[in-house]
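*Asks:* This is the structure I have questions about; it appears just below.
The values are calculated or read from the model by the stated rules, or taken from the named source; none is laboratory data. What you see is a predicted model; the values in this text were computed from it and never measured. Counting neighbours? That spans all protein chains shown, and the Cβs are built from the backbone with ideal geometry, glycine included. With ligands, DNA and RNA removed, areas are computed over all heavy atoms of the protein, side chains included. Shrake-Rupley method; radii C 1.70, N 1.55, O 1.52, S 1.80 Å.
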Amino acid sequence: MGYINPSKTLLDGAFGAGHLAIVSGAKCEVHMTDPRQWDANPVASFTAFVRTAEFALTSRRLGEAEPEPVSAKSATIYGFMFSKFAKWLAAQKKPFSHVGEQDLVRFVSQLRHRGEQNSDITERYLRLLERCYAHLKIAPNPATSATKLASENRYLAKNEGTEALEQEQIDAFVDALPSVEPPGPNRAGRLPKAWKRRRDHAAQASMLFGGLRVAEVIGLHIDEVDDAFKHGPIRLQINPEDKHDTSYEHETVVYDYGADALRRWLVERLAEDAKGNRIIEGDLVFPGDHTGKPMSKVTLWRQVKATFARAGIDVNRAGGRTLRNTFAARELKNGRTKADVKEYLGLALERSAELYETARPRKKKSNEAV
């Protein structure tokens, strides 16, 4: 069998809509140990494999009892991870069974260059692929070799610790947020003056006090905000559609000042003109312009960076990730469990929340990029 480029399958198949389709039944059965099937359609092959006892048997955390198949939610997370690799495979025009250690190092390295991975998550990607190649009895296992090669040659940077703000820095960041005061009286029939400043104020406060990713802020829809005008925290029902491609549906809560800022912004965001039409159009909470188009990631990144600068906060990563880390670390200190934080952040595994237990400020080194 020749190699079939899986790019169309990735767009139209199991992961195209951001959901994991479970292959079951005799008519849909995939020969899970046949490398040719994985080469022809890696996504469908993995989808069939991940919910089986055979996949559970590849875990390194086996006990004496017979392992149970992974849960639907875990299978979905594994599926998102594998689909990213499968898309990369399609772009490389390389069959799954012919991948070598150098290919895998290039894959995880390009993720890190785009700022998507740290060393712990990189290891999980390689471990997931190691389980697939072990199941196919491909030896030597390219993922095992890639992990060793990356470690020995330092292709993958060592984690430098999770960075989060202390309370004094949180207060300084809030004080440095864009002004919520209009520069003058608004005129009838015109957009409110400086409305984007108030949008940016609420967006950044929601990141700091709600743990939202940049992509989740940009893609947050009005109907994902639950009971915004009641006193207290605001719950958000995060749907991964048109947001982060490795997210999944989860719920988070915007607390304290973040809830106040978001509530105040929504009053303006939902305001209507004399004809009953919203002055700021569309269904996004934080639109990029008055027509409702999405804000760009670069715009939000620049605004967050500018707030860090005004606040005089000296950290290595003056961006959305530090705000998200701060939310997680703060919640753990306030008595939330790792399971709570896992849900709030939309993490794949509860142990992923452990790194926030030791999060702290990390001053910028003189030889590090600004």
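*Asks:* From the set of residues in the stretch 206-219 that are part of a helix (DSSP H, G or I) and touching a strand residue (DSSP E or B) at 6+ places or on another chain (Cβ under 8 Å), which is surrounded by the fewest Cβ atoms within 10 Å (Cβ to Cβ)?
*Replies:* Of the residues in the stretch 206-219, the ones part of a helix (DSSP H, G or I) are 206-210, 214-218.
So of that shortlist, the ones also touching a strand residue (DSSP E or B) at 6+ places or on another chain (Cβ under 8 Å) come out as 206, 209-210, 216, 218.
Details: SER206: 28, PHE209: 27, GLY210: 28, GLU216: 26, ILE218: 23.
Per the stated criteria, the residue is ILE218.
*Asks:* Additional query: Just one of (1) open to solvent by 50 Å² or more (accessible area, probe 1.4 Å); (2) assigned to a helix (DSSP H, G or I); (3) at pLDDT 90 or above trips up GLU343, so point out which.
*Replies:* Of the numbered conditions (1) open to solvent by 50 Å² or more (accessible area, probe 1.4 Å); (2) assigned to a helix (DSSP H, G or I); (3) at pLDDT 90 or above, the odd one out for GLU343 is (3).
*Asks:* Of the residues that sit in the stretch 295-323 and are outside any helix (DSSP H, G or I) and not β-branched (Val, Ile, Thr), which one is nearest to MET207 (Cα to Cα)? Please lay out each step first, then the result.
*Replies:* Taking the stretch 295-323 as the starting set, the residues that turn out to be outside any helix (DSSP H, G or I) are 295-296, 312-319.
Filter once more, keeping what is not β-branched (Val, Ile, Thr): 295-296, 312, 314, 316-319.
Working: MET295: 15, SER296: 16, GLY312: 19, ASP314: 19, ASN316: 18, ARG317: 15, ALA318: 13, GLY319: 10 Å.
Residue satisfying both the conditions and the ranking: GLY319.
*Asks:* From the set of residues in the stretch 243-265 that are surrounded by 16 or more Cβ atoms within 10 Å (Cβ to Cβ) and part of a strand (DSSP E or B), which is modelled with the highest pLDDT?
*Replies:* VAL254
*Asks:* Is there a residue being modelled with pLDDT under 50 and buried (at least 16 other Cβ atoms within 10 Å of the Cβ) anywhere in the stretch 26-41?
*Replies:* Filtering the stretch 26-41 for residues modelled with pLDDT under 50 gives 26-30.
Pick out the ones that are also buried (at least 16 other Cβ atoms within 10 Å of the Cβ) and you get 30.
Yes, that holds for at least one residue.
*Asks:* Given the criteria β-branched (Val, Ile, Thr), open to solvent by less than 50 Å² (accessible area, probe 1.4 Å), at pLDDT below 85 and assigned to a loop (DSSP other than H, G, I, E, B), does VAL70 qualify?
*Replies:* So VAL70 passes the test.
*Asks:* If I ask for residues that are part of a loop (DSSP other than H, G, I, E, B) and either under 17 Å from ARG321 (Cβ atoms) or basic (Lys, Arg) (or both), which ones from the stretch 220-242 would you list? Spell out the reasoning first.
*Replies:* Step one: of the stretch 220-242, the residues part of a loop (DSSP other than H, G, I, E, B) are 220, 227-233, 239-242.
LYS230 - this is the single residue of the stretch 220-242 that is part of a loop (DSSP other than H, G, I, E, B) and either under 17 Å from ARG321 (Cβ atoms) or basic (Lys, Arg) (or both).
*Asks:* Looking at GLU331, GLU268, can you tell me which residue is open to solvent by less than 20 Å² (accessible area, probe 1.4 Å) and at pLDDT 90 or above? Spell out the reasoning first.
*Replies:* Values: GLU268 fails: open to solvent by less than 20 Å² (accessible area, probe 1.4 Å).
Testing whether each residue is open to solvent by less than 20 Å² (accessible area, probe 1.4 Å) and at pLDDT 90 or above leaves just GLU331.
*Asks:* Name the pairs: first residue in the stretch 79-106 and on the phi < 0 side of the Ramachandran plot, second residue among the acidic types (Asp, Glu) and open to solvent by 60 Å² or more (accessible area, probe 1.4 Å), Cβ to Cβ under 8 Å, at least 6 apart or on different chains?
*Replies:* PHE80/ASP245; LYS84/ASP245
*Asks:* Take the residues in the stretch 274-294 that are hydrophobic (A, V, I, L, M, F, W, C), in a loop (DSSP other than H, G, I, E, B) and open to solvent by less than 90 Å² (accessible area, probe 1.4 Å), then tell me which one is nearest to LEU236 (Cα to Cα). Don't jump to the end; show me each part of the working.
*Replies:* Taking the stretch 274-294 and keeping what is hydrophobic (A, V, I, L, M, F, W, C), we get 274, 279-280, 284-286.
Narrowing the set further to residues that are in a loop (DSSP other than H, G, I, E, B) leaves 274, 279-280, 285-286.
Filter once more, so that each one left must be open to solvent by less than 90 Å² (accessible area, probe 1.4 Å): 279-280, 285-286.
Values: ILE279: 23, ILE280: 21, VAL285: 11, PHE286: 14 Å.
Looking at the filtered set, the residue picked out is VAL285.
*Asks:* Do you know which of the residues in the stretch 84-138 that are at pLDDT 90 or above and of a type in the set (Gly, Ala, Ser) is surrounded by the fewest Cβ atoms within 10 Å (Cβ to Cβ)?
*Replies:* My answer is ALA91.
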